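Okay, structure first, notes after.
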Amino acid sequence: MSTISNTHNDVTTTQLKQHPLQVAKRLEKFKTTIFTQMSMLAVKHGAINLGQGFPNFDGPDFVKEAAIQAIRDGKNQYARGYGVSDLNNAIAERFKKDAGLVVDPEKEITVTSGCTEAIAATILGLINPGDEVILFAPFYDSYEATLSMAGAKVKSITLRPPDFAAPIEELKSAISKNTRAILINTPHNPTGKMFTREELNSIASLCIENNVLVFSDEVYDKLAFDMEHISPASLPGMFERTVTMNSLGKTFSLTGWKIGWAIAPPHLTWGVRQAHSYLTFATSTPMQSATAAALRAPDSYFVELKRDYMAKRAILVEGLEAVGFKVFPSN
């Protein structure tokens, strides 16, 4: 009898006729994620997988050793819901160094199971059914799916080549009395675009004028090549209306650890933590301890990371152009 492969089991065609697969209406339009599809095709054809955001090399030894030591030290039970104290402090230290902002590690930082959960907790904790949320397309697929779970109305504004500039006039027209938030991803996945200070200032002015929140996904902040990364929260008048989301995985090549965080003022953190409490409650305890060590890495680590990725970018661009692709610059 023929079967249909399912993530959890094999479903026969007879079983399908008797019990059709059902999904909540809020998720009916969404298929298997593009990352799953591309990874399966890469395995099937023995191809290089450029679809999913993980490297083909391992993370640094000093971070892995910190995790091993944490396990040996007995840090293996539930962590505090919003994060191990040492990690919250390390995130605050890193944010001050990178964005120039002093935040309260106890009241303004929430540790999550990867940035994807930070995104989900932010959306589910701060967005009401019927709220409008503006996205810049193309975008990471979890944005729209999670907004659908929250019952939000998505408005999409397309970034177009060659420079993928933010169409400010189009954004201005898209904002209405029902607009609750703008979700920004900088550096941007998948275009590689980084929002400029001028663009971010224009977006900030619109947000302040219209009382709109910003959800800022900054997981690639340390993979910036030619431009300075700017956190929207660092702009005048923006911290109080911004949730900044980041993670360990991209910067330290440890995507399987799923350690992320959300930084926001207390009145926004409350909603994020309420959702987080009922999504995962807490995140891996020993990995949090190791992440604290990672975030306190010397500046040389980040300099070398950028240098290595710039060399890899040059190889990739040369290879793509050699087989006929037109490659737009990434910042």
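What follows is calculated from the coordinates using simple rules that are stated; it is not laboratory data. All of these numbers come straight from a predicted model, not from anything done at the bench. Virtual Cβ from ideal backbone geometry, glycine too; neighbours counted across all protein chains shown.
Share of Cα-Cα pairs in region 196-331 beyond 24 Å, in percent?
Percentage above 24 Å: 47.
Roughly how far apart, in whole Å, are the Cα centres of region 188-250 and region 285-306?
Each part reduced to its Cα centre gives a spacing of 22 Å.
Specify the inter-centroid distance of region 26-88 and region 140-180, based on alpha-carbon positions, in whole Å.
27 Å
What list do you get for Phe195, Phe139 if you sort them by fewest beta carbons within 10 Å?
Phe139, Phe195
Top mean-square fluctuation among Phe281, Phe215, Phe54, Gaussian network model of the chain, C-alpha springs under 10 Å?
Checking each option, the largest mean-square fluctuation is seen for Phe54.
Between Asn211 and Asn178, what is the spin-label point distance in nm, taking each point 7 Å from the Cα along the Cα→C-beta axis?
1.7 nm
Take the eigenvalues of the Cα gyration tensor for the chain, scale each by 5, and report the square roots as semi-axes in whole Å, largest first.
Square roots of five times the eigenvalues give 28, 26, 25 Å.
With springs only between Cα atoms under 10 Å, which of Asp141, Asp308, Asp217 fluctuates most in a Gaussian network model of the chain?
Asp308
Output wanted: per-residue J couplings in Hz (rounded whole) for region 152-164, from phi through Karplus 6.51 cos²θ - 1.76 cosθ + 1.60, θ = phi - 60°, x for Gly and Pro.
Once rounded to whole Hz, the list reads 7, 9, 8, 10, 10, 10, 8, 8, 10, x, x, 9, 6.
Looking only at Lys25, Lys258, Lys97, which one moves most when the chain is put into a Gaussian network model with springs between Cα atoms under 10 Å?
Taking springs between Cα atoms under 10 Å, the residue moving most is Lys25.
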